[in-house]
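Remarks on the structure that follows.
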Amino acid sequence: MMRRIPVLQQMFIGAGCVVLLSVICYLFRPYMDYRVVALILLLVVSLLAVLFDILPVLVSAVLSALILNVFFIEPVLHYKINSAESALLFFIYMLVALVNAVLTNRLRKQEARVRDKEEKEKTIQLYNTLLSSLSHELKTPIATIIGAVDTLQEAGDRITAEQKSELFTAIDIAGSRLNKQVENLLNMSRLETGTLALKKDWCDVNELIFRVMGSVPDCDDHRVLFDPDEKVPLFKIDEGLMEIVLYGIVANAIRYTPPGSEVRIQVGFDDDQLHITISDNGKGIPEEEKQKVFDKFYRMPDSGTGGTGLGLSIARGIVEAHGGQIGLSDSAAGGAEFSLTLPAEVSYLKNLKNE
Amino acid sequence: MNKPNVLIIDDEPQIRKLLEINLSTHGYQTRQAATGKEGLMLAANHIPDVILLDLGLPDISGHEVLRQLREWYPKAIVVLSVEKGEEDIIRALDNGANDYLSKPFRVGELMARLRSAIRNNDSGEAQPVITAGELEIDLAGRVVKNQGEVLKLTTTEYNLLALLARNEGRVLTHQFLLKEVWGVGYQTETQYLRVFVAQLRKKIEQDANHPRHLITVSGVGYRFE
């Protein structure tokens, strides 16, 4: 965190601390020996060494030594030093301050190296997870398509019309699945690289939710319920991206709850915040999984095939890009409940009856 | 009636093949170009009824081809784009494309877009009455009926509906709608559009929550069907 402060600013802060402490010590000079002041200044320089870069610390160290010499070591207000003891103290002070600065700096560099290495290892691990997840999730539908086409070409009249139509359906589903996966990956990489720019515009949230409900696949054995609130104002959000978020959560709820389950969407709002909750009456998500479900490529232990483990992490990325939050808790019905909070500009124009 | 003539400008041979097969089995004649330059040449020599133009071409960008075509070509251009990038689509629509399809698309969707593009070619002078399901819009009399019953629409509601209906099947961008209905200077006031579309839907749709006439094209605009 501290690294983000520019060096020049660090320089001023460091010098400021030294000067401030010196002034305080100077006021208490009648009650304090200059050796005590030396220790106090050394402490300040050591603390600075922990927080700041090497150059500002060295500057603070030299500055504090000069201040010690001129203002505290007899004769005061003169750079000369009278006694041999004071001279020794001054030089030792200088030396300790500098060594302290250099050593601490070296230590921090070492730490950074270790951290870098750990991060690299983590990235490699993530890549491996990505590759294994991808090769499976992409190759399965590709295998289906190639296999089905081969069968249709080779088998000719030996397969029934019904079997043919089944193969065509399989190709169709595999194609759609590939398309969805690629879309997910594109969105993920856009979120990661920060190239996903929000295009905020006024959004009729009720309409958005009905559209999401209309696009979720195999709703037949699930019931998706939504009771629109006519009073919800227009919110300025990126509608296309929020559609991806809601679609991801609702599709997930449908996929991971048994047939016949209910998925309930609710919308609420206060001054400048939009709240959306999506709850189901499935078997819920265990406490220890709740945090992990938003992680990239994380799949629940018993989640079976299909899905890249990207949907929810994309959802979180998009919500956070809006400055909002996404959370997971237990629903009243014992299932999972995702709640989104989005801070956004509001327009109550909707409630005006005009023209 | 003559077979409508479609010019396909797309650099992907598989996509061209797919389009050609589908179009010929649906009674269209096709010509194909793999590059922008070839496409511009074929368009000038044969003047097709509809042009299917891919935005990602190898030689000149599809947007440039669109711009050059629009200098003289008056008929329908349907743009194909591989991504759902809204900016690309809005840019093409605002630069004179009649409609767009994002790849991958369904054959049914392709045919619907082509049909409406050709219909727009023919209806140079506006039809006096447009019907869509139970809905009847009498442009001459400025009367809208739903299931035979006259609807009470405000002037703005009527103007918006009439504009969309006259361009049936075609996406009109937010900007275009705002400029045409509210006037220059209102192009960014999309909140008006949201409000009036919601109001209109309550009046003309059977179920305003599942609209069948006023279709939202997310991030781009609206389409009347």
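Quick check on my filter: what residues within the stretch B:113-124 are charged (D, E, K, R) and modelled with pLDDT of 80 or more? Within the stretch B:113-124, B:ARG113, B:ARG115, B:ARG119 qualify.
Could you tell me which of the residues A:ILE146, A:ILE171 is modelled with pLDDT of 85 or more, among the hydrophobic types (A, V, I, L, M, F, W, C), surrounded by 15 or more Cβ atoms within 10 Å (Cβ to Cβ) and in a helix (DSSP H, G or I)? Step through it out loud before you land on a result.
On the way: A:ILE146 fails: surrounded by 15 or more Cβ atoms within 10 Å (Cβ to Cβ).
Exactly one residue qualifies, and that residue is A:ILE171.
The residue that is farthest from B:ASN98 (Cα to Cα), among those in the stretch B:179-218 that are part of a loop (DSSP other than H, G, I, E, B) and aliphatic (A, V, I, L, M), is B:ALA208. Taking the conditions exactly as written (of a type in the set (D, E, K, R), modelled with pLDDT of 90 or more and farther than 21 Å from A:THR140 by Cα), does A:GLU207 satisfy them or not? Answer is yes for this residue.
Taking first residues from the stretch A:323-339 that are touching a residue at least 24 places away in the same chain (Cβ under 8 Å) and partners that are surrounded by fewer than 17 Cβ atoms within 10 Å (Cβ to Cβ) and polar (S, T, N, Q), the Cβ contacts under 6 Å between residues at least 6 apart in sequence or on separate chains come to A:GLU337/A:SER329.
May I ask you to verify whether A:TYR34 is hydroxyl-bearing (Ser, Thr, Tyr) and exposed (fewer than 14 other Cβ atoms within 10 Å of the Cβ)? No.
Among the residues of the stretch A:271-278, is there at least one that is modelled with pLDDT of 90 or more, over 28 Å from A:LEU186 (Cα atoms) and surrounded by fewer than 19 Cβ atoms within 10 Å (Cβ to Cβ)? First the steps, then the outcome.
Our first condition is that a residue be modelled with pLDDT of 90 or more; within the stretch A:271-278, this holds for A:273-278.
Now restrict to residues that are over 28 Å from A:LEU186 (Cα atoms): A:273.
Still in the running and surrounded by fewer than 19 Cβ atoms within 10 Å (Cβ to Cβ): A:273.
Yes: the stretch A:271-278 contains one or more residues that are modelled with pLDDT of 90 or more, over 28 Å from A:LEU186 (Cα atoms) and surrounded by fewer than 19 Cβ atoms within 10 Å (Cβ to Cβ).
Taking the numbered list (1) assigned to a helix (DSSP H, G or I); (2) in contact (Cβ under 8 Å) with a residue 12 or more places away in the chain in turn, B:ASN45 passes all entries but (2).
Is it fair to say A:ILE67 is surrounded by 16 or more Cβ atoms within 10 Å (Cβ to Cβ), in contact with a helix residue (DSSP H, G or I) (Cβ under 6 Å, 6 or more places away or on another chain) and outside any helix (DSSP H, G or I)? Write out each step before concluding.
Working: surrounded by 16 or more Cβ atoms within 10 Å (Cβ to Cβ): yes; in contact with a helix residue (DSSP H, G or I) (Cβ under 6 Å, 6 or more places away or on another chain): yes; outside any helix (DSSP H, G or I): no.
No, not satisfied.
Just wondering, is there one or more residues in the stretch B:60-67 that are in contact with a strand residue (DSSP E or B) (Cβ under 8 Å, 6 or more places away or on another chain) and of a type in the set (Ser, Thr, Tyr)? No, the stretch B:60-67 contains no residue that is in contact with a strand residue (DSSP E or B) (Cβ under 8 Å, 6 or more places away or on another chain) and of a type in the set (Ser, Thr, Tyr).
Filtering the stretch B:11-53 to residues that are within 23 Å of B:ARG119 (Cβ to Cβ) and of a type in the set (D, E, K, R) leaves B:GLU20, B:ARG31, B:ASP49.
I'd like to check something: does the stretch B:212-224 contain any residue that is touching a His at 6+ places or on another chain (Cβ under 7 Å) and either charged (D, E, K, R) or under 22 Å from B:GLY96 (Cβ atoms) (or both)? Within the stretch B:212-224, one or more residues are touching a His at 6+ places or on another chain (Cβ under 7 Å) and either charged (D, E, K, R) or under 22 Å from B:GLY96 (Cβ atoms) (or both).
Per-residue answers, yes or no, for (1) part of a loop (DSSP other than H, G, I, E, B); (2) modelled with pLDDT under 90; (3) over 19 Å from B:ALA97 (Cα atoms):
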{"residue": "B:ALA126", "(1), (2), (3)": "yes, yes, yes"}
{"residue": "B:THR131", "(1), (2), (3)": "no, yes, yes"}
{"residue": "B:ILE137", "(1), (2), (3)": "no, no, yes"}
{"residue": "B:VAL144", "(1), (2), (3)": "no, no, yes"}
{"residue": "B:TYR158", "(1), (2), (3)": "no, no, yes"}
{"residue": "B:LEU163", "(1), (2), (3)": "no, no, no"}
{"residue": "B:LEU172", "(1), (2), (3)": "no, no, no"}
{"residue": "B:LEU177", "(1), (2), (3)": "no, no, no"}
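Within the stretch A:177-232, if we keep just the residues that are over 21 Å from B:ASP207 (Cβ atoms), among the acidic types (Asp, Glu) and in a helix (DSSP H, G or I), the residue that is farthest from the other protein chains (Cβ to nearest Cβ) turns out to be A:GLU192.
For the stretch A:96-116, name all the residues that are under 26 Å from A:LEU27 (Cα atoms) and at pLDDT 85 or above.
Pass one, the stretch A:96-116, residues under 26 Å from A:LEU27 (Cα atoms): A:96-97.
Of everything in the stretch A:96-116, just one residue is under 26 Å from A:LEU27 (Cα atoms) and at pLDDT 85 or above, namely A:VAL96.
Can you pull out the residues in the stretch B:77-117 that are part of a loop (DSSP other than H, G, I, E, B), buried (at least 19 other Cβ atoms within 10 Å of the Cβ) and either within 14 Å of chain A (Cβ to nearest Cβ) or of a type in the set (S, T, N, Q) (or both)? Give the derivation first.
The initial filter retains those residues of the stretch B:77-117 that are part of a loop (DSSP other than H, G, I, E, B), namely B:82-85, B:95-98, B:103-106.
From the residues that got through so far, the ones that are buried (at least 19 other Cβ atoms within 10 Å of the Cβ) too are B:97-98.
Matches in the stretch B:77-117: B:ASN98 only.
Annotation: A:TYR127 fulfils all but one of (1) modelled with pLDDT under 90; (2) surrounded by 13 or more Cβ atoms within 10 Å (Cβ to Cβ); (3) aromatic (Phe, Trp, Tyr); the unmet one is (2).
Being closer than 27 Å to A:ALA321 by Cα, under 21 Å from the mean Cα position of the chain (by Cα), of a type in the set (D, E, K, R) and surrounded by fewer than 19 Cβ atoms within 10 Å (Cβ to Cβ), is that true of even one residue in the stretch A:194-217? Yes, that holds for at least one residue.
Does the stretch A:332-344 contain any residue that is assigned by TED's automatic domain parsing to the domain that holds A:SER261, modelled with pLDDT of 85 or more and touching a Pro at 6+ places or on another chain (Cβ under 6 Å)? No, that holds for no residue. In the set B:GLN147, B:GLN127, B:GLN187, B:GLN191, only one residue is surrounded by fewer than 18 Cβ atoms within 10 Å (Cβ to Cβ) and either touching a strand residue (DSSP E or B) at 6+ places or on another chain (Cβ under 9 Å) or within 21 Å of B:HIS210 (Cα to Cα) (or both); that residue is B:GLN147.
The values are calculated or read from the model by the stated rules, or taken from the named source; none is laboratory data. All values derive from a computational prediction rather than experimental measurement. As a convention, Cβ positions derive from the backbone with ideal geometry for all residues, glycine included, and neighbour counts pool all protein chains shown.
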